[in-house]
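Down below is the structure, laid out as structure tokens.
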Amino acid sequence: MDLSFTEEQKAFRAEVRRFLDEKLPKRLSDKGRLGQRLTKQDYEEWHAILNEKGWLAGNWPKEHGGAGWNAVERHIFEEETTAAHAPRIVPFGLAMLGPVLQKFGSKEQQDYWLPRILNGDDWWCQGYSEPGAGSDLASVKTTAERDGDHYVVNGQKTWTTLGQYANMIFCLVRTSKEGKPQEGISFLLVDMNDPGVTVRPIVLLDGEPEVNEVFFDNVRVPVENLVGEENKGWTYAKYLLTHERTNIAGVGFANAGLANLKRIARLEQSGGRPLIEDPLFAAKIAEVEISLMAMATTNLRVVSAAAAGQAPGAESSMLKVKGTVIRQEINALTKQAVGPWAMPFVSEALEAGSNEGPVGPSYAMSATPHYLNNRKLSIYGGSNEVQKTIIAKAILEL
Amino acid sequence: MDLSFTEEQKAFRAEVRRFLDEKLPKRLSDKGRLGQRLTKQDYEEWHAILNEKGWLAGNWPKEHGGAGWNAVERHIFEEETTAAHAPRIVPFGLAMLGPVLQKFGSKEQQDYWLPRILNGDDWWCQGYSEPGAGSDLASVKTTAERDGDHYVVNGQKTWTTLGQYANMIFCLVRTSKEGKPQEGISFLLVDMNDPGVTVRPIVLLDGEPEVNEVFFDNVRVPVENLVGEENKGWTYAKYLLTHERTNIAGVGFANAGLANLKRIARLEQSGGRPLIEDPLFAAKIAEVEISLMAMATTNLRVVSAAAAGQAPGAESSMLKVKGTVIRQEINALTKQAVGPWAMPFVSEALEAGSNEGPVGPSYAMSATPHYLNNRKLSIYGGSNEVQKTIIAKAILEL
Amino acid sequence: MNFQLTEERQMLQDGLRRYLGEAVTPQALEAAQTTGMSPDIWAGLSEMGVAGALFTEDQGGFGGAGFDLMVVFEELGRAGAVEPMLELLLAGRLVAELGDETQQEIVAQAVEGAVQLAFAHGEPASRFDLERVETRAERSGDGWTLTGRKSVVVNGAQADHIVVSARTSGDVADRDGISLFLLPKGTAGIEIRDYPLSQGGHAAEIVLDGVTLPAGALLGAEGQAFEAIETAQARATAAICADALGAMETARALTGDYLKTRKQFGQPIGKFQALQHRAADMLIEIEQARSAVINLCGHLEADRDTREIHVSATKHLVGKVARLVAEEAIQMHGGIGMTEEYDLGRFARRLSMLDQRFGDATFHLGRFVRLRAA
Amino acid sequence: MNFQLTEERQMLQDGLRRYLGEAVTPQALEAAQTTGMSPDIWAGLSEMGVAGALFTEDQGGFGGAGFDLMVVFEELGRAGAVEPMLELLLAGRLVAELGDETQQEIVAQAVEGAVQLAFAHGEPASRFDLERVETRAERSGDGWTLTGRKSVVVNGAQADHIVVSARTSGDVADRDGISLFLLPKGTAGIEIRDYPLSQGGHAAEIVLDGVTLPAGALLGAEGQAFEAIETAQARATAAICADALGAMETARALTGDYLKTRKQFGQPIGKFQALQHRAADMLIEIEQARSAVINLCGHLEADRDTREIHVSATKHLVGKVARLVAEEAIQMHGGIGMTEEYDLGRFARRLSMLDQRFGDATFHLGRFVRLRAA
């Protein structure tokens, strides 16, 4: 047992930090720090900066243009970029589709699509969930019928994050109704500019159109956009979900959120003293900090096992549950910390450079939107209820 | 809406208080205050004092020798007796069997058994639960087969509280295996001195033999000891369970426990100050006190509806859950309040007049036994899980 | 002891529930987003005479007791109405209790629902400290000059009259030395920034830049307003907790319906025991909240210490339960519970803002401890 | 970064688990009830050289690091062994670090498991305040006279040597002025009341009524013992938390088995989703506790502030989880979980007493806040 990082890992951390000092535009980190909206261009700018350094695809092998980092290195990179308030790396092409294409895609698909992901030629989004399906992903109703050298796609996807920016969507579609629900699913790449694709934004509790519905009305997709074999898409989908699980604990986000919470609690005054000196509020911060200290170590235990080649099993379900609960508690305490300043909702103020400034201190304006928005953490990516059932069955064998 | 008691109710409360001042033996209230063991004789002594005043059977109608109080009067009586640390009224004959006999028993049974309950001629215990049945009371396996003018009883009951003091037991027995499990159950009164009855104590976590197993080996019970009709016992059992539900919230116990907790927290010192001045411990006391303030009002809402003739439905399930959780939290905080003094376990010290005194202050000695013993609150009388299912089905119609 | 509503209150409750159930439409809410309220609903409530329930008979109303507030605000919360009835209660009762004859005219108008009011007390640095007032009022000639800033004044831009607190003596956190003033809409020197609130409705930042007021603007005795402010906040706390109770009832009703109809893995999700038990917990806690609101409403007229103990106990408990109910209702709905289109959203947001007004659950827990120790 | 046990520690763990799994029988536990421990198991542990894992090589052991303690105490907790290994750690390491050559002889015996030790520090009024020492030691001639009372001294009546703290200067709650003394069994003037503990094992009330000690009884520098005491308690906290972790693992294993085998309403109760989710929560929290123990064990050699932050973080978190696990394990078992006959009981009692030693969850939460603010 040894809790300290190796010299190589420390050196890597220093290198990441140096890189962020030099290359992360202040305009972008300011937005992150203040909780302002990031535009499509902001993400693309940061992707390009990382890509130039060869760090955009930390989890891809080098032969595909990735950094080839192991789990510990990815963890360090994530810790440092989150602490520096860098934009997150948009995961759909890089963390989700990329690994699937590398494992199951044809040589042609890899040669064509992978460089385009790195270069930002395509913005991908995810076509998994459907209305009424919830966490039951296998109940895919969107159909793809073969018609010559095309599939004709009909149906609807939902909860498509940042679908409004995307030109491409990878979809689970039903190509057969025989056998178990899992057996007739295929994995298809669809051009969203094709006729018959419509995107409709869904406004969430925080007022933001972060997710979308995507409708397919007789969309003709060339058969070469099928990944792997027809009716084997469930296998690829499950592989993708496992890959999505890296950084599932969100330790970096939690650490940054906790630091922000403490900063606010030092600035806000209650009863003539900084809020952080209120014993009961301080205790609430301490409880979540202590939880996070333990969870961060659980995360390192899983990361370290993954770096040594062990596939994380139900442990990632535990990290999902605990990690999201901790982040949501930090969000709730941050909303609490800003007091009455959490009430004003001035949407324009979240736009950098807007004429409409925030009401109250700038640290307050994103507290409520973040609290509301992050209720999603315990719902998406397999709800916490689904995770608990997995834990009960996989570990406790109930 | 009016939260205050009527003048009549206030006068009644004053009368109860005066009675307790005059008639409750200090020897008994001292035991209650210190958490010392009560003997069989202690209970009998207190029953006799109450019976002399006509207050032993508050819930019985006057024609049967009861006080004929309504729910609010019973509530006041319970509040005052608990606050005065009087022994509880042993419920098996008075609160459980009595109402069943009054409703379903024959004239002969009423004339014979009811006065004996009031006079303390019999000590009753309850033969409901069986090994492995848990909250599934209808799965009765103990059989009673008719043989001439006797039933022959075979089987086993468990969790029989204070069975070691009892000479009589009322039992659910199976007289038919046809139909639904509920349909073949009968309600039988068994003399525990009859040949074939064996009682074995079960020692609980706190080291006390509070409950027992009762074995029946070809016990011959005269048919006149059948209550009501054969195979209709489930109806009577359910009626009994409803009656058991009065005072299910345990507000009186909770109030007394909270007062005791605060007293201890004023006496214990931490960091050179009374423990009650520790902001975090004080907050824990406050949280449970605030919960109790609300629950006490919920209880009065139900009591007041009951006094007006409405039968409490799933509300009593809510009171059961919240009431037990509050009492258990008070027990846990009391254990916490006494600090290291919770560790010594000197069983003899719980005996009044023992040579073996408590280790540490006398208020500390019962903290751990009570904490451990009251884990039962959320298990017995229909576990809190069963209550939640009832609530979900009866109120939410899920 | 009696937990039944009187016949009058029962009628008010029934009427309000029926009216608001129909009136609070998506269109009405949409209209309220830019103006802070729906004029139609305000008119409808006035017609029903709801404002009268907030005032005692002496004050020209027909209610004013804790349980009158409970009935009115529980229904507003149940329907998710955003009309500024709470501000009418806060400011209107202050005027009714402290005002002279001229000022009392506003009360008569308020009882008719003909005016809108606001109470400008909070400041950028005051958070939940009722006694922290930095805005200053200085005598100038016969009248007063007010200078300072008031924050998150609900209904501030829409109000016909604003009750403003200002310090006429003492240190920034003294209880003594706080005075109240009555400012009509459009008073010169007031700068108002109007903005929408997360829970619906509007609030304003108000800058008082040497606002000159006549002597008659003083409301009540100079420097002696703290007790009245604390009493007003106790009433408002009862009202907002009753409002939250109503919103919780709606959230749980929506959740109950959803659990019964939504199917997953082949059965209604309400058949899953884990959700059943969590729904039961939610119910138990809502009953706790209801009892806490009853406790506070029943003690609004008690002595100050008893009343304030119930203020903190109730605001603490209802604050905790509101968070639980909002979060659990969303979670049991899943994704749909997070969308603006589905009705739950606005109730969840309303509940999540309960903690931000009049002190959050943690603040009141600490305050309860201090009150008990005193 | 590496979370694998070294080969040596893995062997120790395997050996201990195997041995204790067989040795901790109902008979052994019964025997321990009157004497505080089972001589057979103590002998067995000695034979395995377990005590050596508690001491560094310099001290004649083969371990002594945080993760050595974790391995040993997790297994003692897992088996529910009541032998006084924690007291050996507490007192033995104090002697090893502060003792002179003569005193060090005890360490050699301790490493062999040939002596039993106790640490008499707590007093009737000290609760969890490490610096509160009212027992006084006064110079008398060449030696010392000790007067005072020590409370809940685990293994006090059974120990061959007791390390006793006493104040040689300063006020009752000063950190400076605390000294340690080494008392052999049977020293005149000591009055001992021996009694059993809820969690198993024995403790004693010790009255020191003018106990006369030679100069050589002083352990370490006069008045300078606080730092060593705090360090010893940090180690003991790591050990008792690892012990609790082991007990939790057993409680959850028993619960898992029970959920799989016990049937109600026609199916194993482990098929009920509400229990599944609660069992999953229990597991998640136990993993949190494991990580907290790792954090503390990995920082026992860090600078004082870092170490103590982890002491309080870990004791807080493990205390909370221990309560959850004990209570949930009992609840999921139902009645049987409350009986003395079923094995869960002693683990639940052990877990419920974790909070009573070295500071409870609330105490350490407050201490964590103070340490972070410092």
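A few comments on the model shown:
- Taking residues in region C:3-28 that are outside the structural domain of C:THR250 (by TED's automatic domain parsing) and closer than 13 Å to C:ARG78 by Cα, and partners anywhere that are of a type in the set (Lys, Arg) and surrounded by 19 or more Cβ atoms within 10 Å (Cβ to Cβ), the pairs with Cβ atoms closer than 8 Å and at least 6 places apart or on different chains are C:ARG17/C:ARG78; C:LEU20/C:ARG78.
- One residue from B:LEU275, B:LEU292 being in contact with a strand residue (DSSP E or B) (Cβ under 9 Å, 6 or more places away or on another chain), touching a residue at least 24 places away in the same chain (Cβ under 8 Å) and either of a type in the set (A, V, I, L, M) or open to solvent by 10 Å² or more (accessible area, probe 1.4 Å) (or both): B:LEU275
- Within region D:250-273, the set of residues being surrounded by fewer than 19 Cβ atoms within 10 Å (Cβ to Cβ) and either at the interface with chain A (Cβ under 9 Å from one of its Cβ atoms) or assigned to a helix (DSSP H, G or I) (or both) comprises D:ALA253, D:ASP257, D:LYS260, D:THR261, D:PRO268, D:LYS271.
- If you go through region A:13-69 and keep only what is farther than 17 Å from A:GLU79 by Cα and part of a loop (DSSP other than H, G, I, E, B), you end up with A:PRO25, A:GLY35, A:GLN36, A:ARG37, A:LEU38, A:THR39, A:GLY54, A:TRP60, A:PRO61, A:GLY65, A:GLY66, A:GLY68.
- Residue within region B:99-118 that is free of Cβ contacts under 8 Å to residues at least 60 places away in the same chain, in a helix (DSSP H, G or I) and under 15 Å from the mean Cα position of the chain (by Cα) present: no
- Taken together, B:VAL251, B:VAL211, B:VAL223 contain a single residue that is farther than 27 Å from D:SER198 by Cβ, open to solvent by less than 30 Å² (accessible area, probe 1.4 Å), of a type in the set (Val, Ile, Thr) and in contact (Cβ under 8 Å) with a residue 40 or more places away in the chain, which is B:VAL251.
- Only listed residue being outside the structural domain of B:PRO340 (by TED's automatic domain parsing), open to solvent by 40 Å² or more (accessible area, probe 1.4 Å) and without any contact (Cβ under 8 Å) to a residue 60 or more places away in the chain, chosen from B:LYS284, B:LYS238: B:LYS238
- Of all residues in region B:152-179, those satisfying the criterion of being open to solvent by 60 Å² or more (accessible area, probe 1.4 Å) and either touching a Pro at 6+ places or on another chain (Cβ under 8 Å) or in contact (Cβ under 8 Å) with a residue 24 or more places away in the chain (or both) are B:TRP159, B:GLN164.
- Scope region B:346-358; condition touching a helix residue (DSSP H, G or I) at 6+ places or on another chain (Cβ under 7 Å) and within 9 Å of chain D (Cβ to nearest Cβ); matching residues: B:GLU356
Results for (1) more than 19 Å from D:GLY298 (Cβ to Cβ); (2) modelled with pLDDT of 95 or more, shown as yes or no for each residue.
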| site | (1), (2) |
| --- | --- |
| D:MET37 | yes, no |
| D:ILE41 | yes, yes |
| D:VAL50 | yes, yes |
| D:ALA65 | no, yes |
| D:ASP68 | no, yes |
| D:MET85 | yes, yes |
| D:ALA91 | yes, yes |
| D:ALA96 | yes, yes |
| D:GLU105 | yes, yes |
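- Residue within region A:361-381 that is more than 7 Å from every other protein chain (Cβ to nearest Cβ), assigned to a loop (DSSP other than H, G, I, E, B) and of a type in the set (S, T, N, Q) present: yes
- Any hit, region B:334-341, residues being at pLDDT 95 or above, surrounded by fewer than 19 Cβ atoms within 10 Å (Cβ to Cβ) and either in contact with a Cys (Cβ under 6 Å, 6 or more places away or on another chain) or not assigned by TED's automatic domain parsing to the domain that holds B:HIS85 (or both): no
- Any hit, region D:319-341, residues being outside the structural domain of D:PRO124 (by TED's automatic domain parsing), closer than 15 Å to A:GLU289 by Cβ and touching a Lys or Arg at 6+ places or on another chain (Cβ under 7 Å): no
- Leading residue by the ranking (nearest to D:THR250 (Cα to Cα)) among those in region D:63-95 that are of a type in the set (Gly, Ala, Ser) and open to solvent by 10 Å² or more (accessible area, probe 1.4 Å): D:ALA79
- Applying the condition of being more than 14 Å from chain A (Cβ to nearest Cβ) and closer than 22 Å to A:GLN269 by Cα to region C:120-154 and asking which residue is most open to solvent (accessible area, probe 1.4 Å) yields C:ARG136.
- Of the helices (runs of 4 or more DSSP H) lying entirely inside region B:230-345, those carrying at least 2 residues that are more than 14 Å from chain C (Cβ to nearest Cβ) are B:233-244, B:251-267, B:315-337.
- Test result for C:GLY201, open to solvent by 30 Å² or more (accessible area, probe 1.4 Å), facing another protein chain (nearest Cβ under 10 Å) and either touching a Ser or Thr at 6+ places or on another chain (Cβ under 6 Å) or on the phi > 0 side of the Ramachandran plot (or both): no
- Qualifying residue in region D:60-67 (condition: in contact (Cβ under 8 Å) with a residue 60 or more places away in the chain, at negative phi and assigned to a loop (DSSP other than H, G, I, E, B)): yes
- Residues located in region D:356-374, provided they are open to solvent by less than 30 Å² (accessible area, probe 1.4 Å) and facing another protein chain (nearest Cβ under 8 Å): D:GLN356, D:ASP360, D:THR362, D:LEU365, D:GLY366, D:PHE368
- Meets criteria (without any contact (Cβ under 8 Å) to a residue 40 or more places away in the chain, away from chain A (no Cβ under 11 Å) and either open to solvent by less than 10 Å² (accessible area, probe 1.4 Å) or not in a helix (DSSP H, G or I) (or both)) for D:GLU327: no
- Selection within region A:141-182 - of a type in the set (D, E, K, R), in contact with a strand residue (DSSP E or B) (Cβ under 9 Å, 6 or more places away or on another chain) and over 20 Å from A:ASP122 (Cα atoms): A:LYS141, A:GLU145, A:ARG146, A:ASP147, A:ASP149, A:ARG174, A:LYS177
- Inside region D:204-221, residues that are within 14 Å of chain B (Cβ to nearest Cβ) and either assigned to a loop (DSSP other than H, G, I, E, B) or over 30 Å from D:GLN33 (Cβ atoms) (or both) make up a count of 0.
- Top-ranked residue of region B:10-52 - restricted to ones that are surrounded by 16 or more Cβ atoms within 10 Å (Cβ to Cβ) and within 14 Å of chain C (Cβ to nearest Cβ), ranked as nearest to B:GLY66 (Cα to Cα): B:PHE12
- Cβ separations smaller than 7 Å between residues 6+ apart or across chains give the following pairs from region B:33-49 residues that are modelled with pLDDT under 95 to residues that are of a type in the set (Asp, Glu): B:GLN36/B:GLU351; B:ARG37/B:GLU351.
The values are calculated or read from the model by the stated rules, or taken from the named source; none is laboratory data. Only a predicted model underlies this, so the values are computations on that prediction, with no experimental measurement involved. Don't worry about glycine lacking a Cβ; one is built from the backbone with ideal geometry, like all the others, and counts go over all protein chains shown. Accessible surface is based on the protein model in full, side chains and every heavy atom, while ligands, DNA and RNA are left aside. Shrake-Rupley method; radii C 1.70, N 1.55, O 1.52, S 1.80 Å.
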